[in-house]
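Undergrad: Mind having a look at this structure? Questions to follow.
All of the numbers you see were taken from the coordinates with simple rules; none came from a lab. Just so it is clear, the model here is predicted, and its values are computed rather than measured. Cβ atoms come from the backbone with ideal geometry, glycine included; neighbour counts cover every protein chain shown.
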Amino acid sequence: MLLAQVGYGRGQKVHEGLDEGTITGAILSPKDEGRDRLEQCIAELRESDGNAVLMIDPQFYVTTLNTPRDGHLPEYDYYAAHAGLSRTQFSPRQIERYVGDCLNYQHTTLSGVSYLVSPNIMFDDFRDSWSQIALNMAEAAVDHHGTLTNPEPLLVSIVTSEVALRSATGLAEFLDALSSLEANGFYVLVHRNSSSYQAAMDPNAMANLMYMVHVLASVNDYQVFVGYSDWLGMLLHAAGASGTASGWHQSLRQFNMARFMPAEGGGRARKRYSSAPLMSSPLLEPELEDIFRAGRINDVLTGSAHDGILRGGPAAGANRWTDPIACLAHWTSLHNILAPVSTGRIPNRLASATQMIDRAESLYARLAARPSFINFEAQTGPGHLAGWREAIIAFRAMAGV
Amino acid sequence: MPFPQFTGDEIRAVVPEASDVKYLDKGGQKVVYSCSIAGQPYVLKFLRPNPRPLADQDPDASVQQVSLDDVTARARREVATMKQCDSPYLVKIGPVELRSVKIGDEDLICFSEELVNGQPIKKLLKPNQPGMTPAELVKLGLHVADAIDVLWQHDKIHRDIKPGNIMQRATGDFVVLDMGFVFDLNDESWSMGPVGTPIYFSPEQMDFSNRRQILDFRSDLFSLGVTLYQLATGVHPFIGGAQTSWEVMTNIKNVQPPAPHTLQAGIPEALSDIIMRLLAKRPALRYRKIEMLQKALRESLPEGGN
């Protein structure tokens with residue numbers, strides 16, 4: 001299940017993605033929507049698609065940042081009342097209030113959401129005091145959820161980091177605690193090491209993330225949604241994830257707390273095409289244009305409803321390749337690669353994932369060879385695929401699947 | 001100093017409501033008699049609130065790291081647990097509640113519990129042979145799981161699930177005995193130290209490097225897994241070539257035993273998988289809900305029944 005990771009500039013993209021059937025729902029962002037707009041958006045999406053999976057990311061983890069770029073978040077009482085928290089402000093009573101305010105808001109105001117998502121803070125180490133605070137908040141969320149009348153199912157937020165995920169021992173202990181929670185599932189975010197987009201993740205950390213998803217979803221039968229996961233969603237679905245998410249900006253395709261810190265500025269993002277066969281997003285120019293000129297464009301197109309714009313040449317179609325269309329095509333590509341790894345037994349899913357990696361590597365190799373000689377930037381080259389394969393092998397060993 | 005064997009008259013002097021008193025069994029710190037109270041059969045347990053080291057090195061014996069106060073506290077807890085936790089698969093308290101008595105020079109505490117008409121499943125263990133049919137194993141799993149569930153509903157962990165603490169009634173049902181080591185999450189006065197029987201310990205029961213100290217009903221599930229494994233195969237999963245309890249405990253932490261169906265062809269693979277999952281080193285890899293285990297058990301036999 002692919003969800004839209006919603007951010008600034010929502011427009012009609014979520015409606016259109018739902019209409020096209022490439023996304024199943026959306027994770028909305030209070031930072032990027034005022035209260036009224038958020039409530040209205042959920043109501044409209046619910047009305048237009050009764051089956052859409054809708055939830056918000058409460059973004060409570062922003063409360064621990066100094067002078068954050070928090071957008072509309074101060075309009076939300078559950079955030080405004082608690083912004084600027086330090087480690088000493090998480091007594092049991094305080095935690096109860098943070099969690100209660102946030103869940104009450106969703107339960108009483110956001111009719112139409114499919115899940116209540118608990119607030120949480122970010123931690124960098126499964127054995128540090130912040131991780132204990134995170135567990136305390138998770139337990140408080142379960143307790144508070146139990147006091148609500150006819151509540152929507154609860155997803156407990158877990159906001160950790162790529163650094164934390166390098167420790168298998170710390171993760172195993174943390175999973176022992178998480179798997180004792182009486183929640184319906186989890187909403188997991190992983191703060192990436194780099195704020196610039198990387199399709200690759202440290203293979204060890206990726207294997208541990210897959211293991212986390214597997215233990216929670218496949219072994220313990222929780223629903224597990226991993227936000228901001230983009231192409232990595234393929235590996236996470238293969239490990240048992242219920243849903244993954246991606247948005248239209250690079251900052252909505254991988255999670256980094258920099259999204260909530262003062263911006264350093266930056267130019268307009270260059271146009272890209274998300275290719276399911278390559279499982280990456282090459283630049284329209286020069287990469288996709290070079291592929292077109294080499295007569296290999298059909299090898300990399302996904303088959304989205306919008307591909308026609310580029311069939312006559314990416315450079316020629318660039319003006320019509322708008323951001324909303326690029327987003328819809330991106331979701332189509334993700335949707336297509338998630339399909340073979342979203343059902344069936346985990347070993348079979350992993351085999352499908354490995355096959356897709358093999359095919360993508362093979363395609364990259366053909367494109368790089370004569371007579372095409374396509375050069376890719378590091379970000380869009382095949383480098384991520386070897387790391388994914390390594391992660392699958394490590395995960396299989398850990399999980400015994 | 002071993003427990004003396006009291007006469008029926010000595011016992012009736014301190015428990016006048018008891019009649020037809022007969023010696024049944026003796027343990028490290030207790031002696032047990034059968035009796036009749038108001039026409040119903042019960043057992044009377046006498047405990048000496050003064051711990052003594054084990055007389056032998058029986059690896060099946062429970063760890064004795066208790067203080068004088070702990071013996072009484074444990075008896076109180078055992079009685080309270082039997083009163084609170086109502087399951088057909090947990091032994092029930094009798095009419096004699098905890099009381100202090102003196103027999104000769106011995107200061108003792110005593111209480112009564114139901115007399116289970118049946119046999120301890122420990123007697124079914126046979127070297128390298130199944131002690132039960134797969135259907136009986138499933139039934140054992142279901143009944144003990146229910147007992148563990150009822151305890152957990154009261155925030156309690158048994159901590160000493162083993163063949164020696166489970167009886168099969170004449171009706172065929174199983175019943176869990178001896179709640180002297182029950183750990184109550186809500187009682188901070190009771191230590192999480194290593195109590196129970198080492199060769200049935202879960203890895204986390206002896207792991208104090210884990211800062212989170214996760215000990216919940218899944219620890220009992222591990223001990224149930226060891227019990228089921230033994231009865232399915234006639235082999236303890238972690239003893240192997242171990243000579244001491246310490247070596248067994250090391251194996252419990254590190255050794256992955258062969259799946260039961262590879263040792264005994266008659267064990268269905270689905271049931272074997274369940275037992276192996278119960279023996280997972282981490283609680284997160286076992287069952288997070290008893291009903292998940294019970295569902296899996298019910299579905300593990302080809303005919304689906306128990």
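Undergrad: Starting from the Kirkwood Rh over alpha-carbon pairs, what translational D in µm² s⁻¹ does the stretch B:75-154 have by Stokes-Einstein at 20 °C and 1.002 mPa s?
TA: Value of D from the Cα-based Kirkwood radius: 141 µm²/s.
Undergrad: Per residue of B:145-155, how many C-beta atoms from partner chains lie within 10 Å of its own C-beta, taken as a mean? List each step's numbers first, then the result.
TA: Numbers: counts 0, 0, 0, 0, 0, 0, 0, 0, 0, 0, 0.
Mean partner shielding for this stretch: 0.
Undergrad: R0 = 60 Å: FRET efficiency of A:GLN89 with B:ARG99, Cβ-based, nearest 0.05? Each step should come with its number before you reach the end.
TA: On the way: r = 51 Å, r/R0 = 0.85.
Once rounded, the FRET efficiency stands at 0.70.
Undergrad: What would the Debye equation give as log₁₀ I(q)/I(0) for the protein assembly as shown at q = 0.06, 0.10, 0.12 Å⁻¹, counting only Cα atoms as equal point scatterers?
TA: Log10 of I(q)/I(0), two decimals: -0.45, -0.99, -1.25.
Undergrad: Summing Lys, Arg as +1 and Asp, Glu as -1, what charge do residues with Cβ under 12 Å from the Cβ of A:VAL156 carry, A:VAL156 excluded? Numbers along the way, then the final one.
TA: Values: positive: none; negative: A:GLU139, A:ASP143, A:GLU182.
Net charge in that neighbourhood comes out at -3.
Undergrad: So which of B:LYS122/B:LYS281; B:LYS30/B:LYS295; B:LYS26/B:LYS253; B:LYS30/B:LYS289; B:LYS92/B:LYS162; B:LYS45/B:LYS253 end up more than 27 Å apart, counting from Cα to Cα?
TA: Numbers: B:LYS122/B:LYS281 24 Å; B:LYS30/B:LYS295 38 Å; B:LYS26/B:LYS253 32 Å; B:LYS30/B:LYS289 34 Å; B:LYS92/B:LYS162 18 Å; B:LYS45/B:LYS253 35 Å.
Where the Cα-Cα span goes over 27 Å, the pairs concerned are B:LYS30/B:LYS295; B:LYS26/B:LYS253; B:LYS30/B:LYS289; B:LYS45/B:LYS253.
Undergrad: From the Cα trace of the stretch A:205-364, what convex hull volume per residue do you get, rounded to a whole Å³?
TA: 123
Undergrad: I would also like to ask the following. Quick query: amide H of A:VAL226 versus all other amide H atoms, modeled in the peptide plane; which residues come in under 5 Å with a sequence gap of 5 or more or a different chain?
TA: Amide H neighbours of A:VAL226: A:VAL188, A:GLY243, A:THR244, A:ALA245.
Undergrad: If you take the charge dipole of chain A about its Cα centre, with +1 on Lys and Arg Cβ and -1 on Asp and Glu Cβ, which of A:MET356, A:ALA276, A:PHE292 is farthest toward its positive end?
TA: A:PHE292
Undergrad: Now for a separate question. Using only the Cα atoms of the stretch B:234-290, build the gyration tensor, take square roots of its eigenvalues as a ≥ b ≥ c, and label the shape rounded, prolate or oblate: rounded if a/c is under 1.5, else prolate if a/b is larger than b/c, else oblate.
TA: oblate
Undergrad: Full-extension gain between B:ARG12 and B:ASP107, please, as 0.36 nm times their residue separation minus the C-alpha to C-alpha distance.
TA: Here the segment from B:ARG12 to B:ASP107 would lengthen by 32.6 nm.
Undergrad: Please sort A:329-336, A:80-87 by packing, taking for each peptide the average over its residues of neighbouring beta carbons within 10 angstrom, highest first.
TA: In decreasing order of mean packing, A:329-336, A:80-87 become A:329-336, A:80-87.
Undergrad: Rounded, prolate or oblate: which one fits the stretch A:70-120, using the alpha carbon gyration tensor with axes a ≥ b ≥ c (rounded when a/c is under 1.5, else prolate when a/b beats b/c, else oblate)?
TA: oblate
Undergrad: Out of all DSSP beta bridges with both ends in chain A, state the antiparallel percent to the nearest 5.
TA: Bridges in chain A are about 5 percent antiparallel.
Undergrad: Ranking B:TYR23, B:TYR33 by Cβ neighbours within 10 Å, fewest first, what do you get?
TA: Details: B:TYR23 14, B:TYR33 24.
Least to most surrounded, the residues fall as B:TYR23, B:TYR33.
Undergrad: In the stretch A:303-397, what trypsin sites (Lys or Arg not before Pro) fall in a loop by DSSP, with at most 13 other Cβ atoms inside 10 Å?
TA: Numbers: sites: A:ARG311, A:ARG320, A:ARG345, A:ARG349, A:ARG359, A:ARG366, A:ARG389, A:ARG396; in loops: A:ARG345.
Those satisfying the criteria are A:ARG345.
Undergrad: Right, next: For the stretch A:231-390, with only Lys/Arg (+1) and Asp/Glu (-1) charged at the beta-carbon, what is the dipole magnitude about the Cα centre, in debye rounded to 20?
TA: So the dipole magnitude of the stretch A:231-390 works out to roughly 180 debye.
Undergrad: Pick out, from B:ALA38, A:GLN5, A:ILE133, the residue whose Cα sits farthest towards the positive end of the charge dipole of the protein assembly as shown, with +1 on the Cβ of Lys and Arg and -1 on the Cβ of Asp and Glu.
TA: Ranked along the dipole, the leading option is A:GLN5.
Undergrad: Of the GluC sites (Glu not before Pro) in the stretch A:263-330, which ones lie in a loop per DSSP and count no more than 16 other C-beta atoms within 10 Å?
TA: Here the GluC sites (Glu not before Pro) that fit, given the DSSP loop and packing criteria, are A:GLU264.
Undergrad: Once R0 is set to 45 Å, what does the formula 1/(1 + (r/R0)^6) return for the Cβ-Cβ distance between A:ALA80 and A:THR354, expressed as a FRET efficiency to the nearest 0.05?
TA: For A:ALA80 and A:THR354, the calculated efficiency is 0.40.
Undergrad: How many Cβ atoms of partner chains, on average, are near each residue of A:212-219 if near means within 10 Å of its Cβ?
TA: Working: counts 1, 0, 1, 3, 2, 0, 0, 9.
For peptide A:212-219, the averaged partner shielding equals 2.
Undergrad: Could you give log10 I(q)/I(0) at q = 0.20 Å⁻¹ for the stretch A:138-297, computed by the Debye formula over C-alpha point scatterers of equal weight, without solvent?
TA: Each listed q maps to, in turn, -1.27.
Undergrad: Taking every DSSP beta bridge that has both residues in the protein assembly as shown, what percent is antiparallel when rounded to the nearest 5?
TA: Of all bridge pairs located within the protein assembly as shown, approximately 60 percent are antiparallel.
Undergrad: Turning to a different aspect of this structure: Quick one: net charge of B:SER87's neighbours, Cβ under 12 Å, K/R +1, D/E -1?
TA: Charge balance near B:SER87 sits at -2.
Undergrad: For the residue pair B:GLN119 and B:THR171, what label-to-label distance in nm results when each label sits 7 Å from Cα along the Cα-to-beta-carbon direction?
TA: 2.0
Undergrad: Distance between Cα centroids, the stretch A:117-186 to the stretch A:71-85: provide it in whole Å.
TA: Computed from Cα coordinates, the inter-centre distance equals 21 Å.
Undergrad: Per q in 0.16, 0.18, 0.22 Å⁻¹, report the Debye log10 I(q)/I(0) for the stretch A:17-153, using one uniform scatterer on each alpha carbon and no solvent.
TA: -0.84, -1.03, -1.35
Undergrad: Mind giving me the nanometre distance, one decimal, between the label points for B:MET292 and A:ALA316, set 7 Å out from Cα along Cα→Cβ?
TA: About 5.6 nm separates the two model spin labels.
Undergrad: Okay, moving on. Let me know the charge dipole size of the stretch A:1-41 about its Cα centre in debye, to the nearest 20, where only the beta-carbon of Lys, Arg (+1) and Asp, Glu (-1) is charged.
TA: 160
Undergrad: Just the ratio, please: alpha-carbon radius of gyration of chain B over 2.2 N^0.38 Å, N its number of residues.
TA: Against the compact-globule rule of thumb, the ratio is 1.00.
Undergrad: Moving on to the next point. Step through the residues of the stretch B:280-297 one at a time and calculate ³J(HN,Hα) from phi using the Karplus curve (6.51 cos²θ - 1.76 cosθ + 1.60, θ = phi - 60°), rounding each to whole Hz and writing x for Gly and Pro.
TA: 4, 5, 9, x, 4, 9, 8, 10, 8, 9, 4, 5, 5, 5, 5, 4, 4, 4
Undergrad: Let me know the charge dipole size of the protein assembly as shown about its Cα centre in debye, to the nearest 20, where only the beta-carbon of Lys, Arg (+1) and Asp, Glu (-1) is charged. Don't jump to the answer; show the numbers that get you there.
TA: On the way: 64 positive and 79 negative charges, 274 e Å.
Using only the charged Cβ atoms, the result is roughly 1320 debye.
Undergrad: Based on the mean of other Cβ atoms within 10 Å per residue, sort peptides B:155-161, A:200-206 so the most packed one is first.
TA: Values: B:155-161: 23.9, A:200-206: 20.7.
Top of the packing list down: B:155-161, A:200-206.
Undergrad: Using 0.36 nm times the number of residues separating B:ALA135 and B:SER36, minus their current alpha carbon distance, what extension gain do you get?
TA: Working: separation 99, 0.36 × 99 = 35.64 nm, distance 3.44 nm.
Length gained between B:ALA135 and B:SER36: 32.2 nm.
Undergrad: Now, a different point. In what order do A:LYS271, B:LYS253 fall by count of nearby beta-carbon atoms within 10 Å, going from fewest to most?
TA: B:LYS253, A:LYS271
Undergrad: Could you tell me which of rounded, prolate or oblate describes the stretch A:323-372, using a ≥ b ≥ c as the square roots of the eigenvalues of the alpha-carbon gyration tensor, with rounded for a/c under 1.5 and, failing that, prolate when a/b is larger than b/c and oblate otherwise?
TA: oblate
Undergrad: Here is a follow-up. Averaged over peptide B:277-287, how many Cβ atoms belonging to another chain are found within 10 Å of each residue's Cβ?
TA: 5
Undergrad: Of the options B:SER219, B:LEU98, A:GLN198, report the single residue whose Cα projects farthest towards the positive end of the charge dipole of the protein assembly as shown (beta-carbon charges: Lys, Arg +1; Asp, Glu -1).
TA: Farthest towards the positive end: A:GLN198.
Undergrad: Compute the acute angle (0 to 90°) between the alpha-carbon long axis of helix B:245-254 and the principal axis of greatest extent of the alpha-carbon atoms of chain B; round to the nearest 10°.
TA: 30
Undergrad: In the neighborhood of A:GLY11, defined by Cβ-to-Cβ distances under 14 Å, what is the net charge if each Lys or Arg adds +1 and each Asp or Glu adds -1?
TA: For residues surrounding A:GLY11, the net value is -3.
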